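These notes concern the structure reproduced below.
Readers should treat all values here as calculations from the given coordinates under stated rules, not as data from a laboratory. Everything numeric here is computed off the predicted structure, so don't read it as measured data. Cβ sites come from the backbone with ideal geometry, for glycine too, and all protein chains shown count toward neighbours.
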There are 2 protein chains.
Amino acid sequence: MAKKKTSIKDIAEALGISITTVSFIINGKAREKRISEEMTQKVTDYIKKIGYKPSHLAQSLRLGKSRVIVFMVEDISNQFFASIARLIEEKAYKNGYKIIYCSTDNDVNKAKELISTFKMRNVDGFIITPTPDLETTIISLMEEEQALVLFDRWIPELDTSYVVVENQKSAKEATLHLIDQGSKNIGFVTVDSNQTQMLDRLAGFQEAITEKGSNQETLKISPFIIEKKQISLHIQDFLTMHPSLDALFFSTNYLAFEGLLALAALGKKIPEDIKILSFDDHYLFNLYQPKITSIEQPLEAIAEKLMESILGQLDAEAPSKPPQKVVLPNKLNIRESSLKGF
Amino acid sequence: MAKKKTSIKDIAEALGISITTVSFIINGKAREKRISEEMTQKVTDYIKKIGYKPSHLAQSLRLGKSRVIVFMVEDISNQFFASIARLIEEKAYKNGYKIIYCSTDNDVNKAKELISTFKMRNVDGFIITPTPDLETTIISLMEEEQALVLFDRWIPELDTSYVVVENQKSAKEATLHLIDQGSKNIGFVTVDSNQTQMLDRLAGFQEAITEKGSNQETLKISPFIIEKKQISLHIQDFLTMHPSLDALFFSTNYLAFEGLLALAALGKKIPEDIKILSFDDHYLFNLYQPKITSIEQPLEAIAEKLMESILGQLDAEAPSKPPQKVVLPNKLNIRESSLKGF
DNA sequence: TACATTAGATAAATCCTTTTAGCAGAGGTC
DNA sequence: GACCTCTGCTAAAAGGATTTATCTAATGTA
């Protein structure tokens, strides 16, 4: 038999006092509400003795706050999102918040459905990597004055808080590095989508190419390919069709992984035959032989800023600030795969 | 202005009927409670029109169920746990449950604290990878008849539901494979802890060694080493101290990663100089040159069984069953790193 | 006609808190 | 003595649902 949870009412009855008094004491308002020292002590002792803990559900209902934050990402099993999840967890729990996660698979309908079910669960805040076409739903969240911060990508038309990284700048910088290392004909392998972060990376790449007058080819992989093997084959085709490519820039790490497989299959040597560089650092890149040059996003800073923003919005005390728009710098980790002399 | 949420009361007032009627209709009890077809239609239409959704908080308070499941693991950013997280998410949402995650860092105190805060949040179920010394807390959960299932490791003394894999059998099988490929002197690199899964893997390894009369060395890495580089150095030392080792069996993938770094640093060739094999498959293992042989846990099956168990316990209809103890088979992916002829 | 049954709806209790408004008594002031 | 202020505590409403017990009017039965 699951023993019934003790409630504030039980305490009041046991001590022969009112619920109100108990509540005031629990919430540290004894002084303010002129509860005597003696009474406060008695109640405090009793609560400690029976190990009473207030029901969060009842509190949430009463206060209209659930102390739950939703972490809605494209795919929680993706190393990048999982790492952020880990980092924000810490800060959330420290502030008395819990985190519910969910994955959208970058599907608008799924995202809309999730947001709608969360709204009826009275969650306090949303941390979201928006899917395409999510504007209207985000707008409705804004209208309802929900605490909200976007990350990884954002929606240019909307005046929301967001935390992203310098995608364009870092992509340009990395491309310049490749050119600097003697690459004349660089292939850019990216996802065929209009997510801001991917567009910005492409823009940064092209900016560098134009500036230096280099040659380039672009391969856009459909985001709907489930079978990873297919991606690898596409990249092989791309390389075969453009035999003069002497460097590849992958817009994200999972493409790079498939690219490495493709290169191995074709027997191309890195960096002698072709130089390699990828956005989104990964443990693997430091392990692979040769080690792969990559652009590392500042995970801790991202998590920090995300929680800072969302907690700031949730802090009832603070005056409501205008949306915070944070753009963080990345770090180019130059390793063996992009060096000419190696 | 955040517009006030409409409640069941508002609907009742707007239609000039009672709250009870609305509630019955919402909960599909119209027929059972003899609400007229006409009335049901009217209410249903109105609800659809204004887009009303009941407050989950209020429902939870009333029903004592929150439809939230806690997923408590060692570290959510670990690929293994993140993958499971992704898989159980799907099944949970499909059944109207949400998932709150948290990471224990394998620290009892943190785990205890987390469990205690979750209890006061009325979560419905717990999926847990237990830390050492968590017995008493788990026992109290069992006494309170909380829905509970352990995974990855379990607590032999306790009669709980759990989902684990055939650690010992697979480790033995893998070791036999190494011996079969000509290894005479195998090193086992593991974590220095008494988590059941690690002990079982060691036991399986030793069983094979004993059976075949091979030689072995064991290296136990302290789980408290934060700096990954240190692990790699430990493994280097181990290899230097035991130069006759011709194979290494890593009890989990992150040790293998460091082992690969160590071998690269020492200039050892895989598999010519030394054969390699690791527990816990990883994307990387298929990518590394040479590809690394590994034991793959059945992620989908684990997730499936976890949710089956927890939902089974949460299903009020079903008679309370005895704890389900599930032990799933792994798959040995034989790749280049363990083959003699390669 | 008198009584039992049923259809259709509802009042009110309950879940557990928080918080506003107010009450009773003691002491102070003129 | 009349009025005010302050201290210490509490009754009751509110938050949004579910569910039991009950009520009324209509129909069925004899």
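How large is the convex hull of the Cα atoms of the protein assembly as shown per residue, expressed in Å³ as a whole number? Mind showing how you got there, number by number?
Values: hull volume 129.5 nm³, N = 684.
Spread over its residues, the Cα hull of the protein assembly as shown gives 189 Å³ apiece.
So which trypsin sites (Lys or Arg not before Pro) in segment B:6-77 are both in a DSSP loop and have at most 11 other Cβ atoms within 10 Å of their Cβ? Provide the component values of the computation, followed by the final result.
Values: sites: B:9, B:29, B:31, B:33, B:34, B:42, B:48, B:49, B:62, B:65, B:67; in loops: B:29, B:31, B:33, B:34, B:65, B:67.
Here the trypsin sites (Lys or Arg not before Pro) that fit, given the DSSP loop and packing criteria, are B:31, B:34.
Tell me which lysines have Cα within less than 21 Å of residue A:269's Cα, excluding those fewer than 8 residues away on the same chain?
A:184, A:229, A:291, A:340, B:268, B:269, B:291
GluC sites (Glu not before Pro), restricted to segment A:286-337: which are DSSP loop and have at most 10 other Cβ atoms within 10 Å? Can you show the working numbers first?
Working: sites: A:296, A:300, A:304, A:308, A:317, A:336; in loops: A:317.
Here the GluC sites (Glu not before Pro) that fit, given the DSSP loop and packing criteria, are A:317.
How about residue B:119: which aspartates and glutamates have a C-alpha closer than 14 Å to its C-alpha, ignoring those fewer than 8 places off in the same chain?
B:143, B:144, B:145
Give me the dipole magnitude in Debye, nearest 20, for chain B about the Cα centre, with unit charges on the beta carbon: positive for Lys and Arg, negative for Asp and Glu. Don't jump to the answer; show the numbers that get you there.
On the way: 42 positive and 45 negative charges, 336 e Å.
Taking the Cα centre of chain B as origin, the dipole is about 1620 debye.
If you average the alpha carbon positions of segment A:91-148 and of segment A:183-197, how far apart do those two centres end up, in angstrom?
Segment A:91-148 and segment A:183-197 have Cα centres separated by 29 Å.
To test your reading of the geometry: what angle, between 0 and 90 degrees and rounded to tens, separates the Cα axis of helix B:253-266 from the longest principal axis of chain B?
The angle comes out near 30 degrees.
Could you tell me the calculated FRET efficiency between residue B:308 and residue B:58, based on Cβ-Cβ distance and R0 = 45 angstrom, to the nearest 0.05?
Numbers: r = 30 Å, r/R0 = 0.66.
E between residue B:308 and residue B:58, to the nearest 0.05, is 0.90.
When the dipole is taken about the Cα centre of segment B:162-247, and only Lys, Arg (+1) and Asp, Glu (-1) are charged at their Cβ, what size is it in debye, to the nearest 20? Don't skip to the answer; put the middle values down first.
Values: 8 positive and 11 negative charges, 24 e Å.
My answer is approximately 120 debye.
Looking at segment A:8-53, which GluC sites (Glu not before Pro) are DSSP coil and have at most 13 other C-beta atoms within 10 Å of their C-beta? It would help to have the intermediate numbers written out before the result.
Values: sites: A:13, A:32, A:37, A:38; in loops: A:32.
Answer by residue number: A:32.
Assuming 0.36 nm per residue, please report the length gained on full extension of the stretch residue B:173 to residue B:33 beyond their Cα-Cα distance.
Numbers: separation 140, 0.36 × 140 = 50.40 nm, distance 6.13 nm.
Working it through step by step, the gained length comes to 44.3 nm.
If the only charges are +1 at each Lys and Arg Cβ and -1 at each Asp and Glu Cβ, what is the size of the charge dipole of segment B:129-171 around the Cα centre, to the nearest 20 debye? All intermediate terms of the calculation are to be shown ahead of the outcome.
Details: 2 positive and 9 negative charges, 61 e Å.
Approximately 300 debye in magnitude.
Beyond a 29 Å Cα-Cα separation, which of these cross-linked pairs lie in this structure: A:98/A:325; A:220/B:275; A:42/B:65? Provide the component values of the computation, followed by the final result.
Working: A:98/A:325 24 Å; A:220/B:275 39 Å; A:42/B:65 32 Å.
Pairs exceeding the cut-off: A:220/B:275; A:42/B:65.
Report the semi-axes of the equivalent ellipsoid for segment A:8-54 in whole Å, largest first, where each axis is √(5λ) for an eigenvalue λ of the Cα gyration tensor.
On the way: eigenvalues 47, 22, 20 Å².
Each semi-axis is the square root of five times an eigenvalue, giving 15, 11, 10 Å.
Between residue A:210 and residue A:40, what is 0.36 nm times their sequence separation minus the Cα-Cα distance? Round to one decimal in nm.
Values: separation 170, 0.36 × 170 = 61.20 nm, distance 7.36 nm.
Stretched out fully, the residue A:210 to residue A:40 stretch lengthens by 53.8 nm.
Roughly speaking, what is the stretch gain from residue B:315 to residue B:110, that is 0.36 nm per residue apart minus the C-alpha to C-alpha distance, in nm to one decimal? Display every interim value, and only then the final one.
On the way: separation 205, 0.36 × 205 = 73.80 nm, distance 2.95 nm.
Stretched out fully, the residue B:315 to residue B:110 stretch lengthens by 70.8 nm.
Would you tell me which residue of chain A has the beta carbon closest to the rotation axis bringing chain A onto chain B, and how many whole Å away it is?
A:82, 2
Work out the charge dipole of segment A:8-54 with +1 on the Cβ of Lys and Arg and -1 on the Cβ of Asp and Glu about the Cα centre, then indicate which of A:15, A:47, A:28 is farthest towards its positive end.
In segment A:8-54, that residue is A:28.
Can you list residues from other chains, or at least 5 along the same chain, whose modelled amide H is less than 5 Å from the amide H of residue A:147?
Amide H neighbours of residue A:147, under 5 Å, 5+ apart: A:126.
Per residue of A:81-89, how many C-beta atoms from partner chains lie within 10 Å of its own C-beta, taken as a mean? Intermediate values should be presented prior to the final figure.
On the way: counts 3, 11, 4, 1, 6, 9, 1, 0, 7.
Mean number of neighbouring Cβ atoms from other chains: 5.
Charges on Cβ only, +1 for Lys and Arg, -1 for Asp and Glu, centred on the Cα centroid of the protein assembly as shown; of B:99, B:294, B:79, which one is farthest towards the dipole's positive end?
The residue sitting most towards the positive pole is B:99.
Please give the FRET efficiency for residue A:273 paired with residue B:327, using the beta carbon to beta carbon distance and R0 = 51 Å, rounded to the nearest 0.05. List each step's numbers first, then the result.
Values: r = 48 Å, r/R0 = 0.94.
Calculated transfer efficiency: 0.60.
Divide by every residue of chain A the summed helix terms, -39500 (n - 2.57) for each DSSP H run of at least 4, and state the resulting mean residue ellipticity at 222 nm, rounded to the nearest 500 deg cm²/dmol. Before the final figure, lay out each step's value.
Numbers: 12 runs with 150 residues, N = 342.
Dividing the helical sum by the residues of chain A leaves -14000 deg cm²/dmol.
Going by Cα centres, segment B:40-81 and segment A:208-266 are how many Å apart?
Spelled out, the Cα-based centre of one part sits 43 Å from the other.
Which aspartates and glutamates, if any, have their Cα less than 15 Å from the Cα of residue A:110, not counting same-chain residues under 8 positions apart?
In chain and number order, the partners are A:74, A:75, A:133, A:135, B:89, B:90.
From the residues A:226, A:248, A:266, which one has its Cα farthest along the dipole of segment A:200-321 in the positive direction, the dipole being from +1 and -1 charges on Cβ of Lys/Arg and Asp/Glu about the Cα centre?
Among A:226, A:248, A:266, the one farthest towards the positive end of the dipole of segment A:200-321 is A:266.
Å³ per residue of the Cα convex hull, for chain A?
Working: hull volume 61.5 nm³, N = 342.
Looking at chain A, the number lands at 180 Å³ per residue.
Take every DSSP beta bridge with both residues inside chain A and express the antiparallel ones as a percent of the total, to the nearest 5.
Numbers: 3 of 42 bridges.
Rounded to the nearest five, the antiparallel share is 5 percent.
For residue B:248, list long-range residues whose amide hydrogen, built 1.01 Å from N in the peptide plane, is under 5 Å from its own amide hydrogen.
B:187, B:275, B:276, B:277
Mind listing the phi-derived Karplus ³J(HN,Hα) values for segment B:70-84, rounded to whole Hz, using 6.51, -1.76 and 1.60 with θ = phi - 60°, and x for any glycine or proline?
Coupling constants for segment B:70-84: 8, 10, 9, 10, 5, 7, 5, 7, 5, 3, 4, 5, 4, 5, 4 Hz.
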